[in-house]
Amino acid sequence: MLRLASHACIIVFLTILTQLSGIAWALSRLFRRPLPAFVILYTGLSLAAVWIAPLTGRTALSCFERGPLQVQSWVYCATNRTYVTPELRTVLQEAAATVEAVYPGTQTLVLDGSFPFLTGFPLLPHLSHDDGEKVDLAFYYADATGAYLSGQTRSSFGYFAFEQGSTHCPDQWLSLRWNLAWLQPLWKAYQLEPERNRLLIETLVEEPSIGKIFVELHLQQSLRLADDKIRFQGCRAARHDDHIHIQL
Ligand SMILES: [Zn+2]
């Protein structure tokens, strides 16, 4: 009974993390050597998703593409978290190309998109990333002299390296506004590269199919951004001074 319960917990955890590895775990229990079976089943399901998801409206951003738009880490691909609608993929590719045309050598880095299947299935901890129409982008960073650092982020996966600035949000429990103060000393001491960040966001604002862009208020001010599409996400949602959230 305990064994069954622990497998159920593992299946739930893996499903939350990658959508497909919970199924692979369950099926692997039918094999004599479950661990290698799990690896093979998960790899097979993930590769199958790359082909099947487009039939149901989502497409994977590839970790192998080496253009101006790149996925920040292979971990996002390995966990099936880079799926977006074809329309959003086109928006991303065009925005990255626009920034690259003005600032050659610029890499626009994608973080979490959505899972391959099922509208309404959230990609935690992002509750809204459940339909392929939302995606997060890393900020562009510069070194202490202001020189752009191509393909670099302050934190390992592009999230949780918060820019500090004034906020009206109170510290409160039971919200997704995590400050993670204990993590901050671990990140690289890069600064935001303002010109590229402003150009990217202004390019996305101009895109008719983009509905909302979430950026923390103090960054809207310091980057001199103002448009109805550029919003503050609210005090109960995740901070948006470590990445940019866009949605159709
Ligand atoms: Zn987001």
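Here is the figure for the stretch 92-104: residues that are in contact (Cβ under 8 Å) with a residue 40 or more places away in the chain and open to solvent by 10 Å² or more (accessible area, probe 1.4 Å) total 4.
Test of understanding: among Gln220, Gln191, which residue is farther than 30 Å from Thr90 by Cβ, away from the ligand (no atom under 16 Å from the Cβ) and out of contact with any Cys (no Cβ under 6 Å at 6 or more places or on another chain)?
Working: Gln220 fails: farther than 30 Å from Thr90 by Cβ.
The match here is Gln191.
Considering the stretch 105-150 alone, what residues qualify as being exposed (fewer than 14 other Cβ atoms within 10 Å of the Cβ) and away from the ligand (no atom under 11 Å from the Cβ)?
So in the stretch 105-150, the residues exposed (fewer than 14 other Cβ atoms within 10 Å of the Cβ) come out as 105, 118-120, 124-125, 127, 144-147, 150.
Hits for the stretch 105-150 are Gly105, Leu118, Thr119, Gly120, Leu124, Ala144, Thr145, Gly146, Ala147, Ser150.
Looking only at the stretch 176-183, decide whether some residue is surrounded by 14 or more Cβ atoms within 10 Å (Cβ to Cβ), without any contact (Cβ under 8 Å) to a residue 12 or more places away in the chain and within 16 Å of the ligand (Cβ to nearest atom). The answer is no; no qualifying residue exists.
Filter the stretch 76-91 for residues that are assigned to a loop (DSSP other than H, G, I, E, B) and in contact (Cβ under 8 Å) with a residue 40 or more places away in the chain and give the result. Walk me through it before giving the result.
Applying the first criterion (assigned to a loop (DSSP other than H, G, I, E, B)) to the stretch 76-91 yields 79-82, 85.
Thr79, Asn80, Arg81, Thr85 - these are the residues of the stretch 76-91 that are assigned to a loop (DSSP other than H, G, I, E, B) and in contact (Cβ under 8 Å) with a residue 40 or more places away in the chain.
Quick grid of which residues meet (1) under 29 Å from Leu176 (Cβ atoms); (2) assigned by TED's automatic domain parsing to the domain that holds Gly151:
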{"position": "Ile40", "(1), (2)": "no, no"}
{"position": "Thr43", "(1), (2)": "no, no"}
{"position": "Val50", "(1), (2)": "no, no"}
{"position": "Gly67", "(1), (2)": "no, yes"}
{"position": "Trp74", "(1), (2)": "yes, yes"}
{"position": "Arg89", "(1), (2)": "yes, yes"}
{"position": "Ala97", "(1), (2)": "no, yes"}
{"position": "Leu111", "(1), (2)": "yes, yes"}
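Each residue in the stretch 80-91 was checked for being of a type in the set (Ser, Thr, Tyr) and either at pLDDT below 95 or surrounded by fewer than 20 Cβ atoms within 10 Å (Cβ to Cβ) (or both), and 1 pass.
Here Asp227 fulfils each of the conditions (1) within 14 Å of the ligand (Cβ to nearest atom); (2) not in a helix (DSSP H, G or I) apart from (1).
Inspect all residues belonging to the stretch 184-192 and state whether any of them is touching a residue at least 40 places away in the same chain (Cβ under 8 Å) and buried (at least 17 other Cβ atoms within 10 Å of the Cβ). Scanning the stretch 184-192, I find at least one residue that is touching a residue at least 40 places away in the same chain (Cβ under 8 Å) and buried (at least 17 other Cβ atoms within 10 Å of the Cβ), so the answer is yes.
When Leu45 is tested against (1) free of Cβ contacts under 8 Å to residues at least 24 places away in the same chain; (2) assigned to a helix (DSSP H, G or I), exactly one condition is not met: (1).
The values are calculated or read from the model by the stated rules, or taken from the named source; none is laboratory data. None of the values given here were measured: they were computed from a predicted structure. Reconstructed Cβ throughout: ideal geometry from the backbone, glycine too, with neighbour counts over all protein chains shown. The accessibility values were calculated without ligands, DNA or RNA, using every heavy atom of the protein model including side chains. Shrake-Rupley method; radii C 1.70, N 1.55, O 1.52, S 1.80 Å.
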